[in-house]
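Input: a single structure, listed below in structure tokens.
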Amino acid sequence: MVITPKGESARSWKDGDWGEPIEADLALEDAHPEHFDGLVLPGGVMNPDSLRIDETAIAFIQGIAKLERPIAAICHGPWTLIEAGV
């Protein structure tokens, strides 16, 4: 399931240029940590930089961590974990 901050599609990156859009399944405000078995945080620089200042994203990450669900973070994704204090 793909969750984005506002439920909009995400843009992929392929071979040094924008790739195909990836449709979101859910907006972050409608996502509840208890409904998920784990979390994969995106990499790059733009995604983690945007997510780490999003209070809803930080609360969601903290909720997943509190439930002791696995969390994976790609590239600069750990920025959001640091911001969430997990």
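The values are calculated or read from the model by the stated rules, or taken from the named source; none is laboratory data. As the structure is a computational prediction, the values presented were derived from the model and not from experiment. Heads up, the Cβs are rebuilt from the backbone with ideal geometry, glycines too, and the neighbour counts pull from every protein chain shown. The accessibility values were calculated without ligands, DNA or RNA, using every heavy atom of the protein model including side chains. Shrake-Rupley method; radii C 1.70, N 1.55, O 1.52, S 1.80 Å.
Here are a few things to note about the model shown:
- Rounded to the nearest 20, the Cβ-based charge dipole of the range 1-83 about its Cα centre (Lys and Arg +1, Asp and Glu -1) stands at 220 debye.
- Percentage of interatomic Cα-Cα distances in the chain larger than 19 Å: 35 percent
- Using a cutoff of 8 angstrom between alpha carbon atoms and counting only pairs six or more residues apart, the relative contact order for the chain works out to 28 percent.
- Note on Val45: accessible area approximately 80 square angstrom, rounded to 10, probe 1.4 Å, nucleic acids and ligands left out.
- Helix 55-66 vs. the chain, principal-axis angle (Cα, 0 to 90°, nearest 10): 60 degrees
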